[in-house]
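A quick write-up on the structure given underneath.
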Amino acid sequence: MLASIQPLDRVALELGPISIYWYGIIIAFGAYLGLLLAVRETQRQGLPKETFVDLILWAVPIAIISARIYYVIFQWSYYKDNPGDIFAIWEGGIAIHGALIGSVITGIVFTRKRGISFWKIADIAAPSILLGQAIGRWGNFMNQEAHGGPVTREFLENLMLPDFIVNQMYIEGTYYHPTFLYESLWNIAGVILLILLQRTSLKRGEIFLSYVIWYSVGRFFIEGLRTDSLMLTETLRVAQVISVVLVILAITLIVYRRIKVKPKPYNEKG
């Protein structure tokens, strides 16, 4: 039985010499759904609906480039000897923390040029970003990456997972933790939470900072299960260190802004 298990084809479509990978399609689909969600909330907040369409035209390519640069930096021992692989993004290898850095910088520049509140836009974007991350993890699934350590088939079946997930976690003779799925489900729960928070009296910036906290907490624990982590040292995983820093920074900013800045409520127009 085990010998007959074949991984899902990473290539969705071939057009002559051009191969279109599921990885790219899934990431694009996540970005599209995130855009629809953001546009809906933008209109509810009384802002022009084209605001996020204009923003995403810049934010998505910059986020992908910065995510790749971040990944390559921490894997430079490999890429310095294989420079041609730096651009092989369809093989996987983008880091969400790098994407966030690029997105935040883009958002700051964009909102300053448009004369609108960065924190307002960040709050609107928060559920969309997390939704894109939740869907994007299925690109890792198709590539059989971002998985955890070895487990048994019985363990996976006890999680009540469908066969296509169980079989895809069978890699070179071993079954692995579907950490992509753990993170995807955690992120979906976070999307629901953030949408609910958008209907509360939180101050501007606090929904985005809540996203940072929610994602970072989940990422910290899930990262500990993974076998392909970017490493800062032999024992310190980059994502876990960054997650701890981001949680502390987000909580500090919430407290500081409440005391010193006294921001407007998120749902206040203007």
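Couple of notes before you dig in:
- Furthest towards positive pole of dipole, Gly148, Gly84, Thr111, structure part the chain, Cβ charges: Thr111
- Among the trypsin sites (Lys or Arg not before Pro) in region 87-174, none is located in a DSSP loop while being surrounded by at most 15 other Cβ atoms within 10 Å of its own Cβ.
- Residues with amide H under 5 Å from that of Val151, placed H, sequence gap 5 or more: Tyr175, Tyr176, His177
- Sorting Tyr256, Tyr71 by accessible area puts them as Tyr256, Tyr71; the probe is 1.4 Å, largest comes first, and only protein heavy atoms count.
- Positive-end residue, the chain charge dipole about Cα centroid, Cβ charges, pick of Ala134, Leu185, Val245: Val245
- Put simply, the C-alpha atoms of region 84-127 give a gyration tensor, and the ellipsoid matching it has half-axes of 28, 12, 7 Å, longest first.
- Averaging the Cα positions of each part gives two centres, and for region 138-153 and region 15-77 these lie 23 Å apart.
- Here region 174-248 is treated with +1 on each Lys and Arg Cβ and -1 on each Asp and Glu Cβ, and its dipole about the Cα centre works out to around 320 debye.
- Under 5 Å from the amide H of Tyr21 lie the amide H atoms of Ala12, each residue being 5 or more positions distant or on a separate chain, with H modelled from the backbone and absent for Pro and chain starts.
- The trypsin sites (Lys or Arg not before Pro) of region 168-262 meeting both criteria, a DSSP state outside H, G, I, E and B (loop) and at most 13 other C-beta atoms within 10 angstrom of the site's C-beta, are Arg199.
- Rounded to 10°, Cα long-axis angle of helix 238-256 versus longest principal axis of the chain: 10
- Calculated from backbone phi, Karplus (6.51, -1.76, 1.60) coupling profile of region 163-174 in Hz, x at Gly/Pro: 4, 5, 6, 4, 5, 6, 7, 8, 10, 6, x, 9
- Helix 179-197 axis versus longest C-alpha principal axis of the chain: approximately 20°, rounded to the nearest ten.
- Of the residues Tyr32, Tyr211, Tyr182, Tyr70, ranked by 1.4 Å probe accessible area with the largest first, the sequence reads Tyr32, Tyr182, Tyr70, Tyr211.
- Sites counted here are GluC sites (Glu not before Pro) in a DSSP loop (not H, G, I, E or B) having no more than 13 other Cβ atoms within 10 Å; the longest part of the chain that contains none of them is 1-171.
- Only Lys, Arg (+1) and Asp, Glu (-1) charged, at Cβ; region 106-247 dipole about Cα centre in debye: 1040
- Estimated Rh, region 74-191: Kirkwood, alpha-carbon pairs, angstrom: 16.8
- Considering only Leu15, Thr51, Ile64, the residue lying farthest towards the positive end of the dipole of region 1-79 is Thr51, judged by Cα position with unit charges set on Cβ.
- By the rule of a C-alpha distance below 17 Å, with chain neighbours fewer than 8 residues away ignored, the lysines paired with Lys262 are Lys120, Lys203.
- Region 190-246: Cα Rg divided by the 2.2 N^0.38 Å rule of thumb: 1.37
- Sorted largest first by accessible area at a 1.4 angstrom probe radius, with every protein chain in place, the residues Thr106, Thr174 fall in the order Thr174, Thr106.
- Between Leu57 and Ile165, the modelled labels are 3.8 nm apart [label points 7 Å from Cα along Cα→Cβ].
- Accessible surface, per residue, of the chain when the full set of protein chains is kept, probe 1.4 Å, Å²: 53
- Region 82-131 versus region 212-270: alpha-carbon centroid distance in Å: 15
- The Stokes-Einstein estimate for region 127-270, based on a Kirkwood radius over Cα pairs and taken at 25 °C with 0.890 mPa s viscosity, is a diffusion coefficient of 145 µm²/s.
- Within region 1-159: Cβ-based charge dipole about Cα centre, in debye rounded to nearest 20 (Lys, Arg +1; Asp, Glu -1): 720
- Gained length - Leu33 relative to Asp9, 0.36 nm times residue gap less alpha-carbon distance: 6.3 nm
- Bridge orientation summary for the chain: considering DSSP beta bridges with both residues in this region, about 100 percent are antiparallel.
- Cα-Cα pairs of the chain separated by more than 32 Å (percent): 27
The values are calculated or read from the model by the stated rules, or taken from the named source; none is laboratory data. Note that the structure is predicted; figures quoted are calculated from it, not measured. So basically every Cβ, Gly included, is an ideal-geometry build from the backbone, and we count neighbours across all protein chains shown. For accessibility, only protein heavy atoms count, side chains too; no ligands or nucleic acids. Shrake-Rupley method; radii C 1.70, N 1.55, O 1.52, S 1.80 Å.
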